[in-house]
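The values are calculated or read from the model by the stated rules, or taken from the named source; none is laboratory data. None of these values were measured; they are calculated from a predicted model. Please note: Cβ atoms are built from the backbone with ideal geometry, for glycine as well, and neighbour counts cover all protein chains shown. Ligands, DNA and RNA are stripped out before the accessible areas are found, and what is left, the full protein with its side chains, is counted by its heavy atoms. Shrake-Rupley method; radii C 1.70, N 1.55, O 1.52, S 1.80 Å.
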Amino acid sequence: MKPKQVPGVSLQKSGGFHDSESIKECSASEIDEKFEVLKKRFFSINKWKSYNKNASAEFKHFDLSGQAVSRIPQKGDFIRIAIPGPGTSEANGYDWVEITDLLHNTIGPESYLMVCRPSKQPGKLKSHIVHFYSGASTSNIRISKEGNILKVGVYGRNEKPNLDASLTDKIRNLLIAFGGIFGFSKIQWKTIAEGFVDFE
């Protein structure tokens with residue numbers, strides 16, 4: 001199986017990948033209203049887990065200086081991720097990603113794309129990448145409206161374990177990364193994507 005070609009999503013060069021999508025069909029009279037709800041959820045990083053309580057990861061939004069914020073995300077912001085199991089020793093058990101791009105497309109199907117890349121902990125001068133994937137990996141989160149269809153997609157690209165870490169974290173990163181590459185990550189993102197379009 002080959003990775004999907006999605007506008008704006010990083011090209012797959014090496015390592016693991018996954019494509020996790022969830023689709024919701026709406027009536028013509030409600031599609032615009034539901035898309036507004038979807039956009040609000042997409043931009044409310046601190047509430048991502050609340051949209052599907054079966055998701056095991058928790059997300060927290062931070063600015064460039066490392067301060068927790070509750071606002072629309074911007075390029076250069078960070079997301080702190082708490083996942084089940086042993087955490088990183090360097091960042092108090094958390095994994096971190098930087099929002100390296102935010103794109104809004106209005107040509108053709110309207111869409112928003114958030115590109116996230118494993119990062120150092122914001123606000124710390126001396127720090128390695130604190131994530132189980134290496135800095136070459138990306139998570140690309142996209143919402144779109146086409147006709148009467150809403151779609152949420154999460155596209156992981158170039159997923160490799162982060163070995164630039166302490167011995168303890170190397171072992172942890174290898175275990176979690178290979179679990180993600182072989183399906184765990186896709187299951188988690190699929191759960192979150194489904195929660196985004198659950199309007200019941």
Checked the range 3-29 for anything farther than 24 Å from residue 101 by Cα and either assigned to a loop (DSSP other than H, G, I, E, B) or among the basic types (Lys, Arg) (or both); matches are 24, 26, 27, 28, 29
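Every residue, every condition in (1) assigned to a helix (DSSP H, G or I); (2) of a type in the set (Ser, Thr, Tyr); (3) within 24 Å of residue 108 (Cα to Cα); (4) modelled with pLDDT under 80, yes or no:
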{"site": "151", "(1), (2), (3), (4)": "no, no, yes, no"}
{"site": "168", "(1), (2), (3), (4)": "yes, yes, no, yes"}
{"site": "174", "(1), (2), (3), (4)": "yes, no, no, yes"}
{"site": "193", "(1), (2), (3), (4)": "yes, no, yes, no"}
Restricting to the range 66-91, give me the number of residues that are exposed (fewer than 14 other Cβ atoms within 10 Å of the Cβ) and either modelled with pLDDT under 95 or aliphatic (A, V, I, L, M) (or both). 5
Restricting the range 49-59 to residues that are touching a Gly at 6+ places or on another chain (Cβ under 7 Å) and not hydroxyl-bearing (Ser, Thr, Tyr), the one least open to solvent (accessible area, probe 1.4 Å) turns out to be 55
All positions within the range 13-32 that are over 16 Å from the mean Cα position of the chain (by Cα) and farther than 14 Å from residue 195 by Cβ: 13, 14, 15, 25, 26, 27, 28, 29, 30, 31, 32
Residue pairs qualifying under the 6 Å Cβ cut-off, at least six apart or on distinct chains, with the first in the range 53-64 being in contact (Cβ under 8 Å) with a residue 40 or more places away in the chain and the second being open to solvent by 20 Å² or more (accessible area, probe 1.4 Å) and part of a loop (DSSP other than H, G, I, E, B), are 56/84; 57/83; 63/69
When you go through 62, 35 one by one, which is the residue that is at pLDDT 95 or above, under 15 Å from residue 142 (Cβ atoms) and over 13 Å from the mean Cα position of the chain (by Cα)? 35
Does residue 106 satisfy being open to solvent by less than 40 Å² (accessible area, probe 1.4 Å) and modelled with pLDDT under 95? no
Subset of the range 7-48, residues more than 16 Å from residue 144 (Cα to Cα), surrounded by 13 or more Cβ atoms within 10 Å (Cβ to Cβ) and either in contact with a Gly (Cβ under 8 Å, 6 or more places away or on another chain) or touching a residue at least 40 places away in the same chain (Cβ under 8 Å) (or both), comes to 10, 12, 15, 16, 17, 18, 48
